[in-house]
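Participant: Next up is a structure, given as structure tokens.
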Amino acid sequence: MRDNIQNDSATALLGNLFTSIQKNKRVHLVLSALIMVVSITLSACQSQATENNMTYKLTSTHKPDNTSAFTPFEQKIAEKISLDIRYFCSDINSKPSVPTSKHCRQPVTELPEELAQMISSTNIGGIVLFAENVQEIAQVVKLTHDIQQASIKSVQGKPLIISIDQEGGRVARFTKMTGFAGNMAIGASYPEHGIHFASQVNAVIAKELKVLGINNNYAPVVDVNTNADNPVINTRSFGQSPTQVAELGASAVNAIQAEGVMATLKHFPGHGDTHVDSHLGLPRVDQNRVTIDNIDLAPFAWAIKYSQPAMIMTAHIQYPILDNSVFVSKSGEKLIRPATMSRKILTDLLRDELAFDGIIATDALDMAGVTHFFTDVEAVVETFIAGADLAVMPFKVRTPKDITAFYAFIKEVARVLTRRSNQGDYRLAEFEQSITRLNRYKQQYIELSNESVAQQLKSAQAVIANEEHLITEQALANSAVTLLKNKQVLPLNVTGVKRLHFVIANQQELAALTYATKRVLTKMLPASEVEKITISHLVADSVESNTNMNTLLSKADVVIATLDIKTASLVDLGGMDDLAPSYGSAAQQQEKLTYATLLKQQLTLAGNLNKPSILIAKGSPFLINEYTVLADAVLLNFDDRIYNSTTQQKISPGFNASMAVIIGEIQALGQLPVTLKN
């Protein structure tokens, strides 16, 4: 184990009738109301027939006490909603220090009775888990089991979609799983290894998710990163080549779904050419249609054709060339409709033109790209009308009072959607098709185990971060490490080297880099020679004095420095709940600035003293140029992680790979899958 420190004929007839009567305004209101009643009755019968054909292993005849509070139509509205349960405060009223639900920060690691009852009562369609929900293997297995037990007690008696963002790299919610270096690392390995690591890595991730009871991964990202200033995609992308991204994305989908987990292509129609984080604003892509087809849409079209993804996630992005229609925001401002609320993009383009028949899920509807412009009810209604099957995180449930408000929210969405249907903006036949689609994928991918929780735990412990998976993790790191600069320093001739000097940010990195160095030295040199090499260090979070810093460096034969540099995005932390005073705070920025200044000083000093300097960089390749010019050799690991081994040794696959290249055990065969600015 490891501990990381880092979506029939009767219905068709009704649909046609509903469309035709739009032309007769005198009978429209009466007939449309009648059709809605008949449609709901028929759909209930159809849903029952579908349910009878399903093969879920666990069933229940229990019905929650208050299901009668919801009509069949309202229950189906809930089936098209997925909520996060990141935090919940049952006793918020007894804690003056937590005055409102917005301030609740009590992680849900065990399912509270209130949330279990909400799941059963509403017939909700999905739950999204975050890092706060997934802390220990046993705890996750029990949590997902309890969620599904609550779900099969609903009026529909079906399990629900349990989703998580486990991309690998900078976005990985459960840190005790095998971590991997991320999509750009896979992209860097492509020239040498093709689709090998896209398949191997995603198969491992899916295996580990499935034994935890998680049936939907919000991965892979198939955005083509053509904008160096993109804060939210960056190393989450396979690279800048649409062909390469398409091939790797389809391979990832096939690998995930072969293990029985739903994959999710994101973020449609493409988030790669943006410089605004949609968590914080509304990005806009102003490319022409040919460019959009050949770059942004290409990986989605390819994956739909060659991997049949179960789910595609929308992007809160304006694409005027795809849809230039405007909407009036809740503040009265006229704006171009974002993709998540665009029928031209979700239905005409994705569903009809690209022939996607899977689940269309929204990106989180609590992001600023939505909430700044739509009310919560408007957001759900608009995305349903646009063609989405699953509204993700449109409402925050953090307290018992929020549950009551959520019940009212479901009813209001049903009321407004009914009104919009009566006005001819939406066809009930589409609504029923969406429900059928959701049920089809649930039936295909969600299989509840008959094993006890204890038996499921035993299986999970045998799979999560096992030796075979950790070997794959290290293999990717070795294959992806990329040499950006080498001023006749690498491979390092250690003969005659008596002192290595490390410049690093913290004690965890020191432990991991020291381990990686001794590991490769032991392989490459006799024990007697290894003993002659000493390691001094400058750790940024424990600096004593400038004099001591300079003295240590001046005595060194070689300087090895590390750099972890990323463009900050809320996606790294989790989402909008992280938008608090601490996010991007002055203290955090000062900490980064302090190390950046220290690192530049040390690399400059090494140059002045003619000491060979090697920089091991991890993170965004777009942000390291100002450091690259100061070092003699630069290695890039994209997104590195440190974890505790079974012996509590701090281990970094990225540091292991980098030191193996530095000492000459392996070659740096990774190739940068993006172009850097000069």
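Since every read-out is calculated from the coordinates, none of them should be taken as a lab result. Everything numeric here is computed off the predicted structure, so don't read it as measured data. For neighbour counting, all protein chains shown are included, and Cβ atoms are generated from backbone atoms with ideal geometry for every residue, glycine included.
Participant: Considering amide H positions built from the backbone, and no H for Pro or chain starts, which residues 5 or more places from residue 318, or on another chain, come under 5 Å of its amide H?
Facilitator: 284, 285, 339
Participant: Using only Cα atoms, figure out Rg for the range 453-525 and give it as a multiple of 2.2 N^0.38 Å.
Facilitator: So the Cα radius of gyration is 1.60 times the expected 2.2 N^0.38 Å.
Participant: Between residue 525 and residue 461, 0.36 nm times their residue separation minus their Cα-Cα distance comes to what?
Facilitator: Length gained between residue 525 and residue 461: 19.4 nm.
Participant: Next up: What ranking of 647, 517, 628 emerges when the number of other C-beta atoms within 10 Å of each C-beta is taken as an exposure proxy, fewest first?
Facilitator: Ascending number of Cβ neighbours within 10 Å: 647, 628, 517.
Participant: While we're here: Distance cut-off 18 Å, Cα to Cα: go down the list 485/611; 487/518; 153/396; 210/650 and report the pairs above it.
Facilitator: 487/518; 153/396; 210/650
Participant: Give the order of 659, 549 when sorted by the count of other beta carbons within 10 angstrom, beginning with the fewest.
Facilitator: 549, 659
Participant: Provide the per-residue ³J(HN,Hα) series for the range 646-656, in order, calculated from phi with Karplus coefficients 6.51, -1.76, 1.60 and θ = phi - 60°, each as a whole number of Hz, with x at glycine and proline positions.
Facilitator: 4, 9, 6, 6, 6, 10, 10, x, x, 5, 4
Participant: Can you list the HN-Hα couplings for the range 167-180, worked out from phi with the Karplus curve (6.51, -1.76, 1.60; θ = phi - 60°), rounded to whole Hz and with x for Gly and Pro?
Facilitator: Listing the rounded values in order: 6, x, x, 6, 10, 8, 6, 9, 6, 8, 7, 4, x, 6 Hz.
Participant: Report, by chain and number, residues whose modeled amide H sits under 5 Å from the one on residue 482, excluding near sequence neighbours (fewer than 5 apart, same chain).
Facilitator: Excluding prolines and chain starts, which carry no amide H, the hits are 636.
Participant: Next question, about the same structure. Would you mind ranking 372, 271, 316, 501 by Cβ crowding within 10 Å, fewest neighbours first?
Facilitator: Ordered from fewest to most neighbouring Cβ atoms within 10 Å, 372, 271, 316, 501 come out as 372, 501, 316, 271.
Participant: Can you list residues whose amide H is under 5 Å from residue 87's amide H, if they're 5+ apart or on another chain and H is modeled 1.01 Å from N?
Facilitator: 108
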